[in-house]
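A.B. asks: Before I ask anything, let me first share the structure, which is written out below as structure tokens.
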Amino acid sequence: QRSDERVNSRNGYRAREWDTRAGTIDLAVPKLRTGSYFPDWLLTHRRRAEQALVSVVATSYLLGVSTRRVEKLVEQLGIRQLSKSQVSEMAAHLDAQVEAFRNRPLDTGPYTFVWMDALTMKVREAGRTVNVHALIAVGVNADGQREVLGLDVASDEDGAGWLAFLRSLTTRGLSGVTLVISDAHRGLVAAIGAALPGAAWQRCRTHYLRNLLTKVPKTAQPWIATLVRTIFDQPDTDAVRQQFDRVVATIEAKFPTAAQHLADAHDDLLAFTCFPREIWRQIWSNNPQERLNKEVRRRTDVVGIFPNRAAIIRL
């Protein structure tokens, strides 16, 4: 209706699809003869999905549902087309939460015990698939609760990658560490000495035993494994050290190379004996972190190959 107060007029409509929980809705956004009109109260620029739907997709992504399965899932809601790349873009809005988590101050210390591990992931870079390493640290805070301290992605699991990771943790406030428990990752021990002075290193007994068994014939592996486990069944520190010496002497009679390998690992394997007997089971191996690793793997195995490193950190 024309009037003196009207300052503009419509010049047709612009069709736009809007993905919602109720399915895909066809909208007709008015075009104006002068300037432009956009319904900010309803839509968001450069986004064709309702915020509630974005939250559903992101939550499904976090729960380990693959992007292709999410695409099939939203079809049941009546949404006509939602490509796997759009699913990834919807999940990207989690980045603000991820960065807040990774950069939060570590102010609930001292973190007496810290477990560290590296998980190999596949990622596409420069048109080819390469292996990268996700570095993860878990610590026990002053309340006795385990807490994921941080994570990062490094090109190589070497001293430089571990040192940069540990320094980022100390910059955020990591302090009071007396023992770091991990597998024998390359360069990690030197990085601990440089970034966490005063902290000892406990080599994971489970991972070490697997390494030791490669030094003996397959028929002797059950015997060797049983012998080594007796070291950790002792009631006190003195008994543990005495049993260690006896086991080395017993193995040396048949397999001197394996015995020397075990003797060289004496200090790394028995670092836990400097702490109370009641917590030995929690600190002599990386087992407390294996449950976390299993959960990580349950989600990353669905993806297979990540499009970039940011996607690894987000998930």
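A.B. asks: Excluding W284 itself, what net charge comes from residues whose Cβ is under 10 Å from its Cβ, given Lys and Arg +1 and Asp and Glu -1?
C.D. replies: +3
A.B. asks: In a shell of Cβ-Cβ distance under 10 Å around G187, excluding G187 itself, what net charge do Lys and Arg (+1) and Asp and Glu (-1) give?
C.D. replies: Charge balance near G187 sits at -2.
A.B. asks: For the chain, please report how many Lys pairs fall under 27 Å Cα to Cα, leaving out neighbours fewer than 8 apart on the same chain.
C.D. replies: Close lysine pairs found across the chain: 8.
A.B. asks: Take H266 and T120, extend 7 Å from each Cα along the Cα→Cβ direction, and tell me the distance between the two endpoints in nm.
C.D. replies: 3.4 nm
A.B. asks: Roughly how many percent of the accessible protein surface of region 198-245 is carbon and sulfur, given a 1.4 Å probe and a whole-percent answer?
C.D. replies: Answer for region 198-245 is 50 percent, counting heavy atoms of protein chains only.
A.B. asks: Using a Förster distance of 41 Å, how high is the FRET efficiency between D245 and N293, based on the Cβ-Cβ distance and rounded to 0.05?
C.D. replies: Efficiency computed from Cβ-Cβ geometry: 0.80.
A.B. asks: Still on this structure, please answer the following. Looking at the chain, what % of its DSSP beta bridges pair antiparallel, to the nearest 5?
C.D. replies: The antiparallel proportion sits near 75 percent.
A.B. asks: Can you work out the base-10 log of I(q)/I(0) for the chain at q = 0.09, 0.14 1/Å, using the Debye formula on its C-alpha atoms alone?
C.D. replies: At q = 0.09, 0.14 Å⁻¹ the computed log10 ratios are -0.64, -1.11.
A.B. asks: Okay, moving on. How long is the gain from R172 to A194 if the chain were fully straight, where each residue apart is worth 0.36 nm and the alpha carbon distance is subtracted?
C.D. replies: Extra length available between R172 and A194 comes to 6.3 nm.
A.B. asks: Two-decimal Rg/Rh of region 85-223 from alpha-carbon positions, Kirkwood Rh?
C.D. replies: 1.05
A.B. asks: Please calculate the 1.4 Å probe accessible area of E5, with all protein chains present, and give it to the nearest 10 Å².
C.D. replies: 150 Å²
A.B. asks: Find the relative contact order for the chain and round it to a whole percent, using C-alpha pairs within less than 8 Å whose residues are 6+ positions apart.
C.D. replies: The normalised contact order for the chain reaches 15 percent.
A.B. asks: Contact order normalised by length for region 115-207, with contacts defined as Cα pairs under 8 Å and 6 or more residues apart; what percent is it?
C.D. replies: Once normalised by length, the contact order is 23 percent.
A.B. asks: What does the charge add up to near R172, with Lys and Arg as +1, Asp and Glu as -1, over the other residues with Cβ less than 14 Å from its Cβ?
C.D. replies: -1
A.B. asks: Between S36 and V98, what is the FRET efficiency for a Förster distance of 41 Å, r being their Cβ-Cβ separation, to the nearest 0.05?
C.D. replies: Given R0 = 41 Å and the Cβ-Cβ separation, E is 0.75.
A.B. asks: Distance in nm between label sites at R281 and R2, each 7 Å beyond Cα in the beta-carbon direction?
C.D. replies: Taking the simple label geometry, R281 and R2 are separated by 8.9 nm.
A.B. asks: For region 276-315, which GluC sites (Glu not before Pro) pass both filters: DSSP loop (anything but H, G, I, E, B) and at most 16 other C-beta atoms within 10 Å?
C.D. replies: Nothing satisfies the criteria.
A.B. asks: Scan the chain and hand back the longest stretch that contains none of the chymotrypsin sites (Phe, Trp or Tyr not before Pro) lying in DSSP loops with at most 15 other Cβ atoms within 10 Å.
C.D. replies: My reading of the result: 42-315 is the longest stretch.
A.B. asks: The chain: longest stretch without exposed trypsin sites (Lys or Arg not before Pro) (DSSP loop, at most 16 other Cβ within 10 Å), sites themselves excluded?
C.D. replies: 81-171
The values are calculated or read from the model by the stated rules, or taken from the named source; none is laboratory data. This one's a predicted model, so the numbers in the text were calculated from it and none came from an experiment. Neighbour counts run over all protein chains shown; Cβ positions are idealised from the backbone, glycine included. Remember, those area values only see protein heavy atoms, side chains included, never the ligands or the DNA or RNA. Shrake-Rupley method; radii C 1.70, N 1.55, O 1.52, S 1.80 Å.
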